[in-house]
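Have a look at the structure below, then the notes.
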Amino acid sequence: MPPDENPTLIREDRYDAQRIETKWFARWQQDASLYAAEPNSTKPKYYVLEMLPYPSGVLHMGHVRNYAIGDALARYMWMNGYNVLHPMGWDSFGLPAENAAIANHTPPREWTLRNIANMKAQMKRLGFAYDWSREVTTCLPEYYRWNQWFFLKLYEKGLAYRKKSRVNWCPKCATVLANEQVVNGCCWRHEDTLVEQRELEQWFLRITQYAEELLRDLDKLADWPEKVRTMQRNWIGRSEGTLVDFKLDGVPDSTITVFTTRVDTIYGATSIQLAPQHPLAARLAKNNDLLRGQIEQLIAEQRKAREVGDIGAIEKHGVNTHHFAVNPYNGERVPVWVANYILMDYGTGAIMSVPAHDERDHEFASKYNLPIPIVIVPRTADPEETSVEPLLPFTTFDGTLVNSGAFNGLDCEEAIQQMTAHAEQNGFGKATVTFRLKDWGISRQRYWGTPIPMLYCEKDGIVPVPEKNLPVILPENVDITLTGGSPLGRVPEFVNTTCPKCGGPARRETDTMDTFVDSSWYFYRYTDAHNDREPFDPKTAGYWFPIDQYIGGVEHAILHLIYSRFWTKFMRDMGWVKNDEPVERLFTQGMIIKGGAKMSKSVGNIVSPDEMIARYGADSTRMYTLFATAPDRELDWQDEGVEGIQRFLSRVYRLVARTAPLETQLAASLPAQPEKLQAQPEARHIQRKLHQTIKRVSDDFQGRWHFNTSIAAIMELVNELYAAEERVARAPSPAGVAQSALWPEVQRNLTLLLAPFAPHLAHELWEMLGEKESLLRAPWPKYDPALAKEDEIEIPVQINGKLRCLIVVPVDSSKEVIQEHALADQKIKAAISGKQLVKVIVVPGKLINLVVR
Ligand SMILES: [Zn+2]
Ligand SMILES: [Zn+2]
């Protein structure tokens, strides 16, 4: 063998991360199919996915953590014999590209594709095992044409529609925002910018049609974090109630429809409260400058409360319009107020105020000294005795109606039924279910997005672009400004076209789609990424879906993760997929902070992955993000921690590299049976530790994903190996571990255990050990429970229930043996001498308690 082909001769005794990682990087680049899923595989499938990034230009540490988790899992599943799908792509439409275009005069496409190239190179340098042949880039026509195709299908089914509506408008983005993108009254991108309300013609997707199912199916998602399910439940915000029409006294054609969940309390209503943005409020203030000014003040107060982020804590405040509404149940006139705590986007924007039986109304009425009539009293055992005065506000359903005309004496639940039926019979109300979830407004007055494939013809009105004319290509060389509506409106070649119905002139829609459309179904495209006849082959997607494990930030709990559930349900109803839900298991990793703050440019505490890789290597960097804390917890970044991992990997390297060439001759010399090793206590000790470590790491992958404890277990094993070596060095004996038959097994398994966490080093060691099979698909080590079992265990000894000491006994000791050991212990002997042993309680394997007097 020529010297340069002998791995033992090029071995260095120092762990050189850069050398090893550059070598494996080059190797892995040569094999494009290395991480490819197998076609027509008989293995069980496993689809592991990390959320695709926005191509901002550089990876940040949060990305590295996210991908290190997914990558460890993918490698573990490969080693466990699964057919693994592990792809990556780019959520590459969106506003930053336009901002960059304005700032640097770079076309968004160029800027975006350059960023993708940078980040992809970083991912490769980090050694993430992605199947790049399935890469999805949402800003390319080969992808976004299917957004347009789906849009046409939604339109056909009546699930996409256009209406004039009050929309959230961010003046900085100069575009419409979905409700989900309004955070505390501000833009989700511009936390300091208040969102304005504007009237615009917009395209909507009818997600509310799926509200019930989106809510109900949350119960199926048992392997989603509870906090995400709760956030979605709250976001969907289902409540059952009654709509009741109040007429405005003396104002013709005026109806105020209130939404209430407690129609049983309506006889106790003392006022109607309108949201300041309610259309009737504006109407009543039309010729009343004072009132108009006051209402504007209320709007400002509400906006301010949203800004602070807690509308519920607003100092409740209102103005009397001096108009009256008529309670349709009893004909009573109640004053109409406008109040700052009533929200236009909940229910109908109008409520009835029942101060005796509602917390907020009580607070409000107390402030303005309004009457507080009681209409519900606590239920009593004796039906004759109903006059118990409730403590106000009395808000439970556990009561009986009083002062409520024909409904007196009914229990609350029953009253709600009967009174709702009464309203329906008399035509002034009905039962209803309201949702906080609103239809999804997808129109954006932006350039860098998917063109909405619709036309406007003077003769035919709204005309969809025929499927055969897709894609509607986003034109290039467009002058982008952030004002004056969609930039596409200023491109005549784009706007002016021919109506496919009448052949006459038509205008194209110039709005583009919300980028959350792109991410609503991208993960299906990975299963069939180059299909140019359909978005993906339903059969292929059927094999891979649902996603077995999805990993990403909790900030996507409502937007992306609700939209993509909706999209899946729509595709199921159009017969394109069979699964009801896209994601079986969801994991949300914790944030990375440094010095107590979220990493950000403005704080100046960003840690660059490139810098960490240059200093410590990719393996140390990735492994540190898994080791520093449990993956769902917030990680407080410490550079020294990465250095610590690098030192650990050096120790592993030295341990394996030093003795690797000895492996073959020793393996032949000694058999590895455990019974033989019993005669070698040192080796048996290591063998037990090894099998315990395999068990701990395997259990963590199967269970709670505490990779930090997995890695700590591997570190303990390595420490034991060094300690054993030192003992042997001091007193050489044939029982030394490194000289034992066990050693090849230790080296091999240690390398396998490291493979998901430090793949470059693991591959290097694997090769040194002379292994020919690819480490990626080498079988994950199995532990033997018999070998993992301790020979001896520690048992706590208590005297009168108080811990006194620990004794060491053989595993599986009987009660008698444990008692014998305990009573023979010097400490215990001293403690009980002169006392009477009354009772001995032994729980084998757990503890012994001596009761003395
Ligand atoms: Zn904004
Ligand atoms: Zn036409």
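The values are calculated or read from the model by the stated rules, or taken from the named source; none is laboratory data. What you see is a predicted model, and the numbers here were worked out from it, not measured in a lab. Neighbour counts are summed over all protein chains in view; Cβ atoms, including those assigned to glycine, are modelled from backbone coordinates with ideal geometry. In case anyone asks, the SASA skips ligands and DNA or RNA and just uses the protein heavy atoms, side chains included. Shrake-Rupley method; radii C 1.70, N 1.55, O 1.52, S 1.80 Å.
Please state which of the following conditions S602 fails to meet, knowing it meets all the rest: (1) without any contact (Cβ under 8 Å) to a residue 12 or more places away in the chain; (2) in contact with a Phe, Trp or Tyr (Cβ under 8 Å, 6 or more places away or on another chain); (3) of a type in the set (S, T, N, Q).
That leaves (2) as the condition not met.
Among strands (runs of 3 or more DSSP E) lying entirely in segment 166-270, which contain 1 or more residues that are within 16 Å of ligand 1 (Cβ to nearest atom) and open to solvent by 40 Å² or more (accessible area, probe 1.4 Å)?
Working: elements: 175-177, 196-205, 239-248, 255-260.
Hits in segment 166-270: 196-205.
Of all residues in segment 433-459 being more than 16 Å from ligand 1 (Cβ to nearest atom) and not in a loop (DSSP other than H, G, I, E, B), which is nearest to T138 (Cα to Cα)?
The first filter runs over segment 433-459 and keeps only residues more than 16 Å from ligand 1 (Cβ to nearest atom), leaving 433-440, 442, 450-459.
Imposing the further condition that a residue be not in a loop (DSSP other than H, G, I, E, B) reduces the set to 433-434, 440, 451, 454-457.
On the way: V433: 37, T434: 35, W440: 20, P451: 13, M454: 20, L455: 23, Y456: 26, C457: 29 Å.
So, considering only residues that are more than 16 Å from ligand 1 (Cβ to nearest atom) and not in a loop (DSSP other than H, G, I, E, B), the one nearest to T138 (Cα to Cα) is P451.
Would you point out the residue of segment 466-515, among those that are on the phi > 0 side of the Ramachandran plot and away from ligand 2 (no atom under 16 Å from the Cβ), that is most open to solvent (accessible area, probe 1.4 Å)? Give the derivation first.
Step one: filter segment 466-515 for residues on the phi > 0 side of the Ramachandran plot, giving 477, 484-485, 503.
Narrowing further to those that are away from ligand 2 (no atom under 16 Å from the Cβ): 477, 484-485.
Values: N477: 151, G484: 74, G485: 28 Å².
Step by step, filter segment 466-515, then rank; the result is N477.
Would you check which residues across segment 765-789 are open to solvent by less than 20 Å² (accessible area, probe 1.4 Å) and without any contact (Cβ under 8 Å) to a residue 24 or more places away in the chain and list them?
If the condition is that a residue be open to solvent by less than 20 Å² (accessible area, probe 1.4 Å) and without any contact (Cβ under 8 Å) to a residue 24 or more places away in the chain, then W766 is the only one that fits.
Would you say V577 is open to solvent by 10 Å² or more (accessible area, probe 1.4 Å), closer than 17 Å to L221 by Cβ and of a type in the set (V, I, T)? It would help to see each step written out before you state the result.
On the way: open to solvent by 10 Å² or more (accessible area, probe 1.4 Å): yes; closer than 17 Å to L221 by Cβ: yes; of a type in the set (V, I, T): yes.
It is true that V577 is open to solvent by 10 Å² or more (accessible area, probe 1.4 Å), closer than 17 Å to L221 by Cβ and of a type in the set (V, I, T).
Pick out, from segment 460-510, the strands (runs of 3 or more DSSP E) lying fully within it that include 1 or more residues that are more than 16 Å from ligand 1 (Cβ to nearest atom), among the charged types (D, E, K, R) and in contact with a helix residue (DSSP H, G or I) (Cβ under 9 Å, 6 or more places away or on another chain). So that I can check it myself, show each step before the final result.
Working: elements: 461-464, 496-498, 505-508.
Those strands (runs of 3 or more DSSP E) span 505-508.
So, R114, is that one under 30 Å from L34 (Cβ atoms), away from ligand 1 (no atom under 14 Å from the Cβ) and surrounded by fewer than 18 Cβ atoms within 10 Å (Cβ to Cβ) or not? Quick ask: steps written out before the conclusion?
Working: under 30 Å from L34 (Cβ atoms): yes; away from ligand 1 (no atom under 14 Å from the Cβ): yes; surrounded by fewer than 18 Cβ atoms within 10 Å (Cβ to Cβ): yes.
When the stated conditions are applied, R114 passes them.
Of the numbered conditions (1) away from ligand 2 (no atom under 16 Å from the Cβ); (2) open to solvent by 10 Å² or more (accessible area, probe 1.4 Å); (3) outside any helix (DSSP H, G or I), Y543 satisfies every one except a single condition; which is it?
All conditions are met except number (3).
Does any residue of segment 324-331 turn out to be open to solvent by less than 10 Å² (accessible area, probe 1.4 Å), over 43 Å from the mean Cα position of the chain (by Cα) and modelled with pLDDT under 95? Explain how you work it out, then say what you get.
Step one: filter segment 324-331 for residues open to solvent by less than 10 Å² (accessible area, probe 1.4 Å), giving 325, 327.
Applying the additional criterion that residues be over 43 Å from the mean Cα position of the chain (by Cα) yields 325, 327.
After this cut, where a residue has to be modelled with pLDDT under 95 as well, the list is none.
Taking every residue of segment 324-331 in turn, none turns out to be open to solvent by less than 10 Å² (accessible area, probe 1.4 Å), over 43 Å from the mean Cα position of the chain (by Cα) and modelled with pLDDT under 95.
Can you say whether G127 is open to solvent by 10 Å² or more (accessible area, probe 1.4 Å), in a loop (DSSP other than H, G, I, E, B) and of a type outside the set (F, W, Y), as far as the supplied structure shows? Break it down into steps so the answer makes sense when it comes.
On the way: open to solvent by 10 Å² or more (accessible area, probe 1.4 Å): no; in a loop (DSSP other than H, G, I, E, B): yes; of a type outside the set (F, W, Y): yes.
So G127 fails the test.
Check segment 443-461 and report whether any residue there is closer than 30 Å to A101 by Cα, open to solvent by 30 Å² or more (accessible area, probe 1.4 Å) and at pLDDT 95 or above. Please lay out each step first, then the result.
So the first thing to find is which residues in segment 443-461 are closer than 30 Å to A101 by Cα, and the list is 443-456.
With the extra rule that they be open to solvent by 30 Å² or more (accessible area, probe 1.4 Å), the set shrinks to 456.
Keeping just the survivors that are at pLDDT 95 or above gives 456.
Yes, the conditions are met somewhere in segment 443-461.
Does L140 satisfy being more than 16 Å from ligand 2 (Cβ to nearest atom) and more than 20 Å from P108 (Cα to Cα)? Steps first, please.
Numbers: more than 16 Å from ligand 2 (Cβ to nearest atom): yes; more than 20 Å from P108 (Cα to Cα): no.
Spelling it out, it is not the case that L140 is more than 16 Å from ligand 2 (Cβ to nearest atom) and more than 20 Å from P108 (Cα to Cα).
Is it the case that some residue within segment 516-531 is within 16 Å of ligand 2 (Cβ to nearest atom), open to solvent by less than 10 Å² (accessible area, probe 1.4 Å) and hydrophobic (A, V, I, L, M, F, W, C)?
Narrowing segment 516-531 to residues within 16 Å of ligand 2 (Cβ to nearest atom): none.
Taking every residue of segment 516-531 in turn, none turns out to be within 16 Å of ligand 2 (Cβ to nearest atom), open to solvent by less than 10 Å² (accessible area, probe 1.4 Å) and hydrophobic (A, V, I, L, M, F, W, C).
What are the pairs with Cβ atoms under 8 angstrom where one residue, in segment 193-206, is over 15 Å from C170 (Cα atoms) and among the small types (G, A, S) and the other, located anywhere, is within 16 Å of ligand 1 (Cβ to nearest atom) and in a loop (DSSP other than H, G, I, E, B)? Sequence gap at least six, or different chains.
If the second residue must be within 16 Å of ligand 1 (Cβ to nearest atom) and in a loop (DSSP other than H, G, I, E, B), no pairs are left.
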